[in-house]
Amino acid sequence: MSRRLFLIAMLGVLFVVFTLSMIELESLYNNYGMRYFLNEGFDDTGSRNLVTAILLDYRLFDSLFEAGILLIAVSGVIWISKHDVEEKNAQFMLDKYKTPDLFVTFSRLVYPLMLAFGFYVIINGHVSPGGGFQGGAIVATAILILYYIDGNKETNIGLIVTIEKIIYLLIILLASLSFFTRGEFFTNFFVPSANPDLKAIYLVLLNVFIGFKVALGLWTIFTAFLKEGR
Amino acid sequence: MVDYILNLTLIEITAYALQFLLIFIAVAIVVHKNNGTIIILIASFSLVTASLYIINNAPDVAIAEVAIGSAIIPLIYVISISRQREFIVLDKAMDDFIISDNQMTGIGFILLKRFSDFYHLEINITNDPMLGKVESGRDQVLLEETNVDLIVTKDPDHEGGYLLKGKASSLLLNKLETMLDDYDNVRMIKYKDRDIGE
């Protein structure tokens, strides 16, 4: 009991320190960065969504490693759930755990809409909220619904992972193209004086690649989970 | 303080209410015992977080939070929990050891029920005609290649006896073996895992 009381007291102290430091931080706030991005962001990068401008242009180096983290996570999941023996499923199992018909019908209606919304979020990443990562996650959810419609669906994990790796290499190549036009790595490959609408082409391309990469990565992860318990 | 509270806009009040809701949901996730409820709570936690992101003008993060936190993660939890919880028994004996008087009241079933309640497993008894026809020599292959955890057959050497066949790598079966001490006519066979290609 005393140990619990001590823990609660410690949490209280932490809470007080946290709130105090929050007030301290307020004096440090400034909006220089915000004003710079608001004034220059669109002309610099061609992106009306400034989050995408920072992710895919100003701080592309960080984003590349974020995309790499997912690749490493996928490899880890596959390595842990590796099955050398081809496992067969007893057919009768699926009858007891069959998805309800209402859910299947509803999923069939929703599936194309989800897929279309995912692609919309990916392609409009430079105009509206969203982008490659969010859109890829939505596309992956849509694909996951397919497994509820048809439980026997077979997927070739190896092929998906290979495509994902190739797309990751393509992302790095696309990001490095700027070396030949601008003389520096990891930024837009159009020259800085180009029309912002032209620069958006690069953002759309990168968003599409990242979207596909994320969708394939998440697809691999839950395919591994689906196979694991069977 | 009172002035501050009275001058809050509707959106600020909503934001505070949502933050308190987050605390309640977080406590509920820790306190609850039922896995299904916990998954729903985790999904709702993500939804509330996403609406807080929207209130704080971060729609990009909100979309990511909704897609990952309240769609993919709960679905993965649902899949893993439903797969791990069931214990599949293949009934090849086809007599009143498990099913007597068309009900699951045979002595074998009571034994397995006690065993599965001990580990909070969902017991699932099947007499699939395809798998039931497999000759007893191939039971080990059956255990390895399908998702069946235990096979119940008649004992060929012993009149009125029964055999329970399982994999030695399944540690749950050690408990079942100790429970068998009360039953004279039930024996247990545990197959060791073979190497591939053996």
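The values are calculated or read from the model by the stated rules, or taken from the named source; none is laboratory data. Computed from a predicted model, the values in this text were never measured in an experiment. Counting neighbours? That spans all protein chains shown, and the Cβs are built from the backbone with ideal geometry, glycine included.
Details
- Residue list for the stretch A:59-77, restricted to those being touching a Ser or Thr at 6+ places or on another chain (Cβ under 7 Å) and closer than 13 Å to A:L218 by Cβ: A:V74
- Test: residue in the stretch B:31-45 that is β-branched (V, I, T), under 28 Å from the mean Cα position of the chain (by Cα), over 29 Å from A:G130 (Cα atoms) and assigned by TED's automatic domain parsing to the domain that holds B:L75: yes
- Of all residues making up the stretch A:148-164, the number that are facing chain B (nearest Cβ under 9 Å) and not in a helix (DSSP H, G or I): 0
- Of the helices (runs of 4 or more DSSP H) lying entirely inside the stretch A:38-147, those containing at least 1 residues that are within 12 Å of another protein chain (Cβ to nearest Cβ), modelled with pLDDT under 90 and in contact with an Asp or Glu (Cβ under 6 Å, 6 or more places away or on another chain) span A:50-53, A:91-96.
- Subset of the stretch B:1-52 [outside any helix (DSSP H, G or I), surrounded by 10 or more Cβ atoms within 10 Å (Cβ to Cβ) and not aliphatic (A, V, I, L, M)]: B:H32
- Residues located in the stretch B:62-85, provided they are more than 8 Å from chain A (Cβ to nearest Cβ) and surrounded by 18 or more Cβ atoms within 10 Å (Cβ to Cβ): B:E65, B:V66, B:G69, B:S70, B:P74
- Elements of type strands (runs of 3 or more DSSP E) contained in the stretch B:122-198, each with 2 or more residues being within 14 Å of chain A (Cβ to nearest Cβ): B:122-126, B:150-154
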